Ligand SMILES: Cc1cc2nc3c(=O)[nH]c(=O)nc-3n(C[C@H](O)[C@H](O)[C@H](O)COP(=O)(O)O)c2cc1C
C-alpha cells in the first residue's frame, strides 16, 4: 500500500504569478558598479547572508566564508589592489579596445556602502569530504552558488551587487589576514543602485553583446 503524502510534505505551490516574478528577477538582476552611498538598513545584510547560506554545497560542506570589509585602511588596500590590477589589464589591450576599456567603470569600490570578500574554506570539517575526492574544486563551486543566491536575494530586496575580480587574490588574502585554508572566490560591492537596467552594462557600453542564439547545448 502506498502512503499518501501529507499536506506538510508537499511544500509551497509557487504558482504562475511567482514564476513570472522570478523570471523578472532573473531578467533584472544586474552587475552594479554605480552605487548610491546611503547605507543598507540595519539587519538587511545579515538577512541576505542568511539566505545565501541556503545555497547548495558539496556534501553540505557550507564552505563559504564572508568577510565584511569595513575599515578605511582595509578598503584603501582593496582600492589600491584593484587600481594596480586594472592598470595591468588595460596594458593588455591596444587601439580602440584599450580606449574603450579605459572608459569602462569596472567596480564601485569607492561608493558602495558594503564590501564583502567571499572565501571558500578548502578544509571544512562539515561534509566529511563527501563529493569532493575527485573534484575538490566543488568547494569553490559551492561558494559561487552562495554568491549567486546572495545576488538574487539582494536584487529582490532592491539592493545591487557588483562582483570585482580585477584584483590580485593573494595580495587581498594577505591584506585581510584570513585563515590559510581560505581561497578568495569573490569580492563584492553592495548598495542601492543609481539606476536599474534590464541589459548588461558591458553590452550598453559596446564591450560585449549577449549571445543572441542562447546557450550552447550539445547532444550525445
Ligand atoms: C566571476 C565574475 C567576475 C566578475 N568580475 C567583474 C569585474 O571585475 N568587474 C566588472 O565590472 N564586472 C565583473 N563581473 C560582472 C560581469 O561583467 C557581468 O556579470 C556581465 O557583464 C553581465 O552583466 P550582468 O551581470 O549585468 O548581466 C563579474 C562577473 C562574474 C560572474
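The values are calculated or read from the model by the stated rules, or taken from the named source; none is laboratory data. Please read all numbers here as calculations on a predicted model, not as lab measurements. Cβ sites come from the backbone with ideal geometry, for glycine too, and all protein chains shown count toward neighbours.
Within segment 167-182, take every residue that is in contact with a strand residue (DSSP E or B) (Cβ under 9 Å, 6 or more places away or on another chain) and under 26 Å from residue 202 (Cβ atoms) and give me the one that is surrounded by the fewest Cβ atoms within 10 Å (Cβ to Cβ). Let's see the steps before the verdict.
Narrowing segment 167-182 to residues in contact with a strand residue (DSSP E or B) (Cβ under 9 Å, 6 or more places away or on another chain): 167, 169-170, 172-173, 176, 178-179, 181-182.
When the remaining residues are screened for being under 26 Å from residue 202 (Cβ atoms), the result is 167, 169, 172.
Numbers: 167: 21, 169: 16, 172: 23.
Looking at the filtered set, the residue picked out is 169.
Does any residue of segment 90-112 turn out to be part of a loop (DSSP other than H, G, I, E, B), within 21 Å of residue 177 (Cβ to Cβ), in contact with a helix residue (DSSP H, G or I) (Cβ under 9 Å, 6 or more places away or on another chain) and within 16 Å of the ligand (Cβ to nearest atom)?
Yes: segment 90-112 contains one or more residues that are part of a loop (DSSP other than H, G, I, E, B), within 21 Å of residue 177 (Cβ to Cβ), in contact with a helix residue (DSSP H, G or I) (Cβ under 9 Å, 6 or more places away or on another chain) and within 16 Å of the ligand (Cβ to nearest atom).
Return yes when residue 140 is within 14 Å of the ligand (Cβ to nearest atom), at pLDDT 95 or above, outside any loop (DSSP other than H, G, I, E, B) and more than 17 Å from the chain's Cα centre (by Cα) and no when it is not.
On the way: within 14 Å of the ligand (Cβ to nearest atom): yes; at pLDDT 95 or above: yes; outside any loop (DSSP other than H, G, I, E, B): yes; more than 17 Å from the chain's Cα centre (by Cα): no.
Considered against the rule, which asks whether it is within 14 Å of the ligand (Cβ to nearest atom), at pLDDT 95 or above, outside any loop (DSSP other than H, G, I, E, B) and more than 17 Å from the chain's Cα centre (by Cα), residue 140 comes out as no.
Taking the criterion of being assigned to a helix (DSSP H, G or I), within 16 Å of the ligand (Cβ to nearest atom) and free of Cβ contacts under 8 Å to residues at least 40 places away in the same chain, would at least one residue in segment 40-60 satisfy it?
If we filter segment 40-60 for residues that are assigned to a helix (DSSP H, G or I), which is where we start, we get 44-52, 58-60.
Remaining after also requiring within 16 Å of the ligand (Cβ to nearest atom): 52.
Then keep just the ones that are free of Cβ contacts under 8 Å to residues at least 40 places away in the same chain; that gives none.
No, every residue in segment 40-60 fails to be assigned to a helix (DSSP H, G or I), within 16 Å of the ligand (Cβ to nearest atom) and free of Cβ contacts under 8 Å to residues at least 40 places away in the same chain.
Looking at segment 158-200 only, could you name the residues that are within 12 Å of the ligand (Cβ to nearest atom) and in a strand (DSSP E or B)?
Matches in segment 158-200: 160, 161, 162, 163, 164, 184, 185, 186, 187, 188, 189, 193.
From the list 66, 119, pick out the single residue that is without any contact (Cβ under 8 Å) to a residue 60 or more places away in the chain and within 15 Å of the chain's Cα centre (by Cα). Don't jump to the end; show me each part of the working.
Working: 119 fails: without any contact (Cβ under 8 Å) to a residue 60 or more places away in the chain.
That would be 66, the only listed residue that is without any contact (Cβ under 8 Å) to a residue 60 or more places away in the chain and within 15 Å of the chain's Cα centre (by Cα).
Looking at 203, 208, which is the one that is farther than 18 Å from residue 74 by Cα, loosely packed, with under 11 Cβ neighbours inside 10 Å and near the ligand (Cβ under 8 Å from one of its atoms)? Break it down into steps so the answer makes sense when it comes.
Values: 203 fails: loosely packed, with under 11 Cβ neighbours inside 10 Å.
Criteria check complete, one pass: 208.
Just to be sure I understand the filter: pairs with C-beta atoms under 6 Å, separated by 6 or more residues or on different chains, first member in segment 148-176 and over 12 Å from residue 188 (Cβ atoms), second member away from the ligand (no atom under 12 Å from the Cβ) and outside any helix (DSSP H, G or I). Which pairs pass?
Correct list of pairs: 149/55; 176/67; 176/117.
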